[in-house]
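Each reported figure results from applying straightforward, stated rules to the coordinates on display, with no laboratory input. Source: prediction; values computed, not measured. A quick note on method: Cβ atoms are made from the backbone with ideal geometry, for glycine too, and the neighbour counts reach across all protein chains shown.
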Amino acid sequence: MEAIYIMWLRQLKRFWRSKPRILSSLAQPLLFLIALGFGFGPIYTKAGGGNYMQFLAPGIIAMTVLFTAMFSGIEVIWDREFGFLKETLVAPVSRAKIMIGRSLGGATVAFLQGLLVLIICMLVGFEPLKTIALPMALLFMFLIALFFTAFGTAIASMLQDMQAFPLIMNFILMPLFFLSGALFPLDGMPKAITIVTKLNPLSYGVDGIRASLTGVSHFGIGVDLLVMSVITVIIFALGSYLFSKIQI
């Protein structure tokens, strides 16, 4: 447990020391929130969808957590490039504990970023309809952070080239985000897109946050919680295995 705590604390220290990165990571969510929220809001309302900001905000929160969590995996390649990873892996501690500690630290950072965006959303007009369900929304945010931090670490464990990681991540991230229901309702979609959204893990995270904060759900909050919990355990096991096979 001590090794897990040390790795978790190390990730938090990195987060605290990189204040410019914290501010820059908020730029994209703010752009989506303001440009889409106020730009498409009137069109969405005229189409009978209601307040678009209420629909959009949970998706933007999930997007923030997703991007921060996935890109935390690049630190594995960075540490390997400069020799820090070798110093960590030669310690008399199992690699599984190191991976768990790193993932928990990265997930905590992603969760905090999402929490900041949640506060910003409330400042620009988003009003949670179920304040009592806020802890459930926070749980879904943390599950998204855990899943995608472990996923990013698993991918980084298989790569040697630092420049390849952002390219692969963008190739994976954009479809995950745009086909998750973050920006548009999933009801009435073509059959092919419906199948893809059901296979997309982020869809259940977005739906869970939206259900918790607004009471609107596509899959059902129970299904969202079950799916996110199961796949998080699976990806943690896979990530631990791949991390244990890193060649230094």
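Summary table
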| quantity | calculated |
| --- | --- |
| Gyration tensor verdict on the stretch 141-248 (Cα atoms; rounded if a/c is under 1.5, prolate if a/b is larger than b/c, oblate otherwise) | prolate |
| Whole-Hz ³J(HN,Hα) from phi, Karplus 6.51 cos²θ - 1.76 cosθ + 1.60, for the stretch 37-47, glycine and proline x | x, 8, x, 8, x, x, 5, 4, 5, 5, 7 |
| Inter-part distance where the stretch 221-243 and the stretch 126-199 are each reduced to a Cα centre, Å | 13 Å |
| Per-residue ³J(HN,Hα) for the stretch 61-74, Karplus 6.51 cos²θ - 1.76 cosθ + 1.60, θ = phi - 60°, Hz, x for Gly and Pro | 4, 5, 4, 4, 4, 4, 5, 5, 5, 5, 6, 5, x, 5 |
| Ranking of K191, K198 by count of other Cβ atoms within 10 Å, fewest first | K191, K198 |
